[in-house]
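The values are calculated or read from the model by the stated rules, or taken from the named source; none is laboratory data. Just so it is clear, the model here is predicted, and its values are computed rather than measured. Please note: Cβ atoms are built from the backbone with ideal geometry, for glycine as well, and neighbour counts cover all protein chains shown.
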Amino acid sequence: MNCSIWHLPEQLNAGFFWLGCIFPPNALSFKIDCRSDSIFAILRVYVKKGAEYWLDIAEYDLETARVMLRGKRFLYVGFMCHQVVEKVFKGHYASKHDDNPPFTHNLRILALKSGLFEEMDENQKRFVELLGPLNIEARYPTYKEKILKSLTTKRCRDILKKTEDMFSWAKNKF
């Protein structure tokens, strides 16, 4: 769950905090009395809408990947494609388990825990392995130059197409 907790000094001693959960395109925040069980009721409501949340942001990230390709921002095409697949896998997990997905960016782990890995063909499994490093390497400067050299227009189009296919396939498994 993408949440932040804000403590307001005057409320900290009173046992209150703000929980802000980001749902595109708006941000929701809840004031929760941590002296009661109200947080659990709110989190249960979130879980029921979890799959929808993950699909919405996966679709948003897919469009962002398309924009990055048009702008020739190849490093971020790969990064956003990883994000799309990660979020659709998390959505599937939330739908299947009625719980928040694991806190990991590892696509293989997410595919395994969501039950999708067993249903994938060999090409899909290879694609998941190909996307894995694009998440990490886009974040750290020492890897950026190396990965950037390998991302051409043609390769990014291929990655984007396979991401669209994976997104559709996983979405249809809900």
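A few points about this structure:
- Residue 122 of a type in the set (D, E, K, R), loosely packed, with under 13 Cβ neighbours inside 10 Å and within 19 Å of the chain's Cα centre (by Cα): no
Listed here are the residues, each with its yes/no results for (1) at pLDDT 95 or above; (2) β-branched (Val, Ile, Thr); (3) surrounded by 19 or more Cβ atoms within 10 Å (Cβ to Cβ); (4) in contact with a Cys (Cβ under 7 Å, 6 or more places away or on another chain).
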residue: 70; (1), (2), (3), (4): yes, no, no, no
residue: 76; (1), (2), (3), (4): no, no, yes, no
residue: 89; (1), (2), (3), (4): yes, no, yes, no
residue: 115; (1), (2), (3), (4): yes, no, no, no
residue: 118; (1), (2), (3), (4): yes, no, no, no
residue: 138; (1), (2), (3), (4): no, no, yes, no
residue: 141; (1), (2), (3), (4): no, no, no, no
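- So residue 23, is it at pLDDT 50 or above, within 16 Å of the chain's Cα centre (by Cα) and on the phi < 0 side of the Ramachandran plot: no
- Region 151-166: number of residues that are closer than 15 Å to residue 134 by Cβ and touching a helix residue (DSSP H, G or I) at 6+ places or on another chain (Cβ under 9 Å): 10
- Index of the failed condition, residue 51 passing every other in (1) over 8 Å from the mean Cα position of the chain (by Cα); (2) at pLDDT 95 or above: (2)
- Subset of region 143-174 that is among the hydroxyl-bearing types (Ser, Thr, Tyr) and in contact (Cβ under 8 Å) with a residue 24 or more places away in the chain - its residue that is surrounded by the most Cβ atoms within 10 Å (Cβ to Cβ): 163
- Segments classed as helices (runs of 4 or more DSSP H), wholly inside region 72-174, with at least 2 members that are in contact with a Leu (Cβ under 9 Å, 6 or more places away or on another chain) and closer than 25 Å to residue 51 by Cα: 74-97, 107-114, 122-137, 153-171
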